[in-house]
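Below: the structure, in structure tokens.
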Amino acid sequence: MKKPGYNELENRIKHLEEKLKGIELQRLWNVYAQNPIPTLIVSKEGNFVEYNDAMAELTGYTQEEVPDINAWMPKIYPDEEYRNKVMEISRKSRHREIKVKRDEFIITRKDGKKRYVEFSVFDIMHEGKPVDLQVVQAIDITERKKAEEELRESEERYKIILDAITSYVYSVSIENGKPVETIHDIRCIAITGYSPDDYYNDPNLWINIVPEEDRDLVKKQIDQVFSQKETTAIEHRIIRKDGEVCWVCSTLVPFFNNEGKLISYDGIIEDITERKKAEDSLKYRVILENIVNSISTKFINIKSHDVDSGIDYSLQKIGEFAGIDRSYVFLLSEDETTMDNTHEWCAEGIEPQISKLQGIPTDIMPWWMERLNRFENIIIPRVADLPHEASVEKESLQAQDIKSLVAVPMTYGNSLVGFLGFDSVREEKTWKKEDIEILRTVGNILANTLERKKAEEALRESEERLSTILNCLHAGIVIIDAEKHEIIDANPIAVKMIGTRKKDIVGKICHKFICPAEIGKCPITDLGQSMDNSERELINSKGEIVSILKTVTSVMINGRHCLVNSFIDITERKKAEEERLQREKLRGVLEMAGAASHELTQPMQAISGYSELLLMNMPEDNPLCEELTIIKKQIERMAKITTKLQNITKYETKDYLKRKIIDIDKASSKS
Amino acid sequence: MSEKKILVVDDEKQNLMLFRDLFSNGGYTVWSAESGEEAIEILKKENIQVMFLDLNLPGMSGAELCRQIRQDNPIACIHAVTGYASDYELVNCRRAGFDDYFIKPVGLKLLLNAARDSFEKLERWKSN
């Protein structure tokens, strides 16, 4: 390394002397120049006033190569980002904006090697006041750093190894059938948190870390070893040094001497906590799935009137299993503007909410409804953590003392019908994602069942209405399959008119049963007639013909072409009609007879009267007397006929020359 | 009693003639009318106690005529002669105030007997 020339140094000293007014720089520098510690003196502007050999050795650059900060920085800090950071620190330090005492940097030497360097910075003081010069000393800490790094790595590796250890071994020596010494393998730390020394110092530690309820099991296993029985691996819990409960599997391997005497045994302790957790989780899932399966099976063939109790059962099953406090169903109104809490299960001691949650407008819970409408689950592990936009929901849930909640949408087809909710009131509960999916399945099962119930009820209502109408009708209704001519249904009036039980009618072929038409001559399907209030005949169960007024309508019922026969019994009407006709005829006869007899009696009176007068005034031996008597007698006969005519009360006829005439004798009440 | 008066009412002229001839021959003084109204006119002028009325008259019926006569004269013997008889008419005739009832064609002797009996009845009542 080339030293600065005398003149140059002279000039610089002069310059410094002028600037520093009496600082014995040379003396100072003599100290630093010989110093084995890499050192430089930097001015406020960044010029390197001094730069010793040790520094040149450290960096590989001479002062000529790096006369100031601006030349130095890019060389030893090639990374721009890192350099800018260092330059900023340097600038602030030189301008005394910050006080840098000691700091570590990575520099790149001229030969490209990287070194860890710790820079120390001192202000040069004159008469107790700093001047614009700073001494910078560098210590190569690369080796120390390497060692630190190695230690860290080794520690990490150790930790990884410890974490990976899932088992350790301990050996128990036996003398005279009694354990005398136990040696734990170092790996016990990883599993129990206790060191072999801990075990050595506390002879009861091994059993004390076993929770009381598992101790009998552990002792029994050791007893098996001593009684020279075959041992089986057992699973039990231990309480680690940090208080955490772990599951371990303990396997004991006994060793015997040549005489078959137990001299020692090894215990292999394996950490099975993860497996247990997985098993528990699996078990939980299996049980939950079983519950869902049982619910699903229950609902497959459920009767409409059992749906509500079925839902209550499902809510209870899930609620009890999941250990939550409340499970419930909300259903939206048809127009989705309100919702009702329709079903609820509460754990013991939990206040039911159902009565308060009726007719809730959906628009007051926008955050909630937005998620449900997107068919998203609502998962709230902590109600208190709900975001600001869910403040209404938060308030409402807190009013019900709810700490955690899960709600899954109940969907049917492409629409939201409601939701299934699970509240935790007593403590916070976190649900597993896959369990929530199972709840969702339950929600959909319930939604399907409820929709089916709704459809069935609507159908039943419509059927009931139809059946009520059919039962109330005063007309007989018989529904017939148009193709098979088989009777499908008959209403009570029809059954009464046919005169037998309904079950003896349904299923029969109508031909020759209730309809006189021959097979193949059905007036509707075969002869193409239409029948609208036509007078027809019905055959009743006794084979009697009943006069009916019948209308047949062709309809499709459940995809089947059917004939709806509606008819009324007109026997009485026919009889009444007949009677009316008789009465009308009788009236005609009576009017005729009245007129005839009245009109006839007048001339008859004259004829009979005068005949009688003549006879009165004629001697009895007069030959005319006999003839006059004949006239008189015939008039009397006619009088009898007119009397009969006047007393006609019935319509009676007799045959007369191929016609019917009134039978006066029979028709008259005075015959 | 010097003069025995009989009133005959019938719209049938032949019959009216017959009854007039019959009762004239029987020694009675016969008044005849073809309608109820005509009969009432006659009765206003004449004191007639025995009557034979056809029931079927134009205008006022025989029964109505009888009812009117009965209002002023409860004693008179009034007979109905009708061409058309029924039980119903008989009841009506009695209600209207007729004493007896004959159906056409009626025997003349029956009528003469009825007239004679009527006058005998009236005589008997007077002497009481």
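The values are calculated or read from the model by the stated rules, or taken from the named source; none is laboratory data. Because the structure is a prediction, the values reported are computed rather than measured. Every residue, glycine among them, receives a Cβ derived from its backbone with ideal geometry; neighbour counts consider all protein chains shown.
Could you list, in sequence order, all residues of the stretch B:75-96 that are modelled with pLDDT of 90 or more and not β-branched (Val, Ile, Thr)? Answer for the stretch B:75-96, where residues must be modelled with pLDDT of 90 or more and not β-branched (Val, Ile, Thr): B:ALA76, B:CYS77, B:HIS79, B:ALA80.
The set of residues from the stretch B:43-54 being away from chain A (no Cβ under 13 Å) and either closer than 22 Å to B:ARG116 by Cβ or crowded, with 19+ Cβ neighbours inside 10 Å (or both) comprises B:LEU43, B:GLU46, B:ASN47, B:ILE48, B:GLN49, B:VAL50, B:MET51, B:LEU53. The lone criterion from (1) at pLDDT below 80; (2) assigned by TED's automatic domain parsing to the domain that holds A:PRO196 left unmet by A:ILE300 is number (2). Among strands (runs of 3 or more DSSP E) entirely within the stretch A:156-253, having at least 1 residues that are under 16 Å from A:ILE272 (Cα atoms) singles out A:167-175, A:234-239.
With respect to A:LYS298, determine if the residue is of a type in the set (D, E, K, R), closer than 30 Å to A:LEU315 by Cα and out of contact with any helix residue (DSSP H, G or I) (no Cβ under 8 Å at 6 or more places or on another chain). When the stated conditions are applied, A:LYS298 does not pass them. Here is the figure for the stretch B:20-33: residues that are buried (at least 18 other Cβ atoms within 10 Å of the Cβ), within 13 Å of another protein chain (Cβ to nearest Cβ) and in contact with a Leu (Cβ under 7 Å, 6 or more places away or on another chain) total 1. One residue alone among A:VAL406, A:VAL383 is touching a Gly at 6+ places or on another chain (Cβ under 9 Å) and of a type in the set (A, V, I, L, M), and that residue is A:VAL406. For residues in the stretch A:274-328 being touching a residue at least 40 places away in the same chain (Cβ under 8 Å) and not in a helix (DSSP H, G or I), which is nearest to A:CYS249 (Cα to Cα)? Taking the candidates together, the pick is A:GLY323. Scanning the stretch A:496-510 for residues that are surrounded by 18 or more Cβ atoms within 10 Å (Cβ to Cβ) and either more than 49 Å from the chain's Cα centre (by Cα) or in contact (Cβ under 8 Å) with a residue 40 or more places away in the chain (or both) yields A:MET497, A:ILE498, A:CYS510. Just one of the listed residues (B:LEU57, B:LEU65) is within 14 Å of another protein chain (Cβ to nearest Cβ), buried (at least 17 other Cβ atoms within 10 Å of the Cβ) and farther than 28 Å from A:GLN634 by Cβ, namely B:LEU57.
Table: residues versus (1) exposed (fewer than 12 other Cβ atoms within 10 Å of the Cβ); (2) not assigned by TED's automatic domain parsing to the domain that holds A:LYS433; (3) not β-branched (Val, Ile, Thr).
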residue	(1), (2), (3)
A:GLU213	yes, yes, yes
A:GLN221	no, yes, yes
A:GLN224	no, yes, yes
A:VAL253	no, yes, no
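Here is a yes/no grid of residues against (1) among the aromatic types (Phe, Trp, Tyr); (2) touching a Cys at 6+ places or on another chain (Cβ under 8 Å); (3) not assigned by TED's automatic domain parsing to the domain that holds A:ILE302:
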position	(1), (2), (3)
A:ARG440	no, no, no
A:ASN448	no, no, no
A:SER462	no, no, yes
A:ILE480	no, yes, yes
A:PRO492	no, no, yes
A:MET497	no, no, yes
A:LYS502	no, no, yes
A:ILE514	no, no, yes
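Here B:LEU112 clears all of (1) without any contact (Cβ under 8 Å) to a residue 60 or more places away in the chain; (2) within 14 Å of chain A (Cβ to nearest Cβ); (3) surrounded by 15 or more Cβ atoms within 10 Å (Cβ to Cβ) except the condition numbered (1). So, of the residues in the stretch A:355-380 that are touching an Asp or Glu at 6+ places or on another chain (Cβ under 7 Å) and surrounded by fewer than 16 Cβ atoms within 10 Å (Cβ to Cβ), which turns out to be farthest from A:GLY421 (Cα to Cα)? Residue satisfying both the conditions and the ranking: A:GLY359. Residues considered: A:ILE186, A:ILE174. Of these, the only one that is touching a residue at least 60 places away in the same chain (Cβ under 8 Å) and either surrounded by 15 or more Cβ atoms within 10 Å (Cβ to Cβ) or of a type outside the set (Asp, Glu) (or both) is A:ILE174.
Residues in the stretch A:605-652 that are buried (at least 18 other Cβ atoms within 10 Å of the Cβ), within 14 Å of chain B (Cβ to nearest Cβ) and outside any helix (DSSP H, G or I): A:ASN647, A:ILE648. Those residues that are touching a Phe, Trp or Tyr at 6+ places or on another chain (Cβ under 7 Å) and among the acidic types (Asp, Glu), I need them from the stretch B:11-55; list them, please. Answer for the stretch B:11-55, where residues must be touching a Phe, Trp or Tyr at 6+ places or on another chain (Cβ under 7 Å) and among the acidic types (Asp, Glu): just B:GLU46.
Evaluating A:ALA595 against the criteria (1) over 21 Å from A:ILE493 (Cβ atoms); (2) among the aliphatic types (A, V, I, L, M); (3) in contact (Cβ under 8 Å) with a residue 12 or more places away in the chain leaves one unmet condition, (3).
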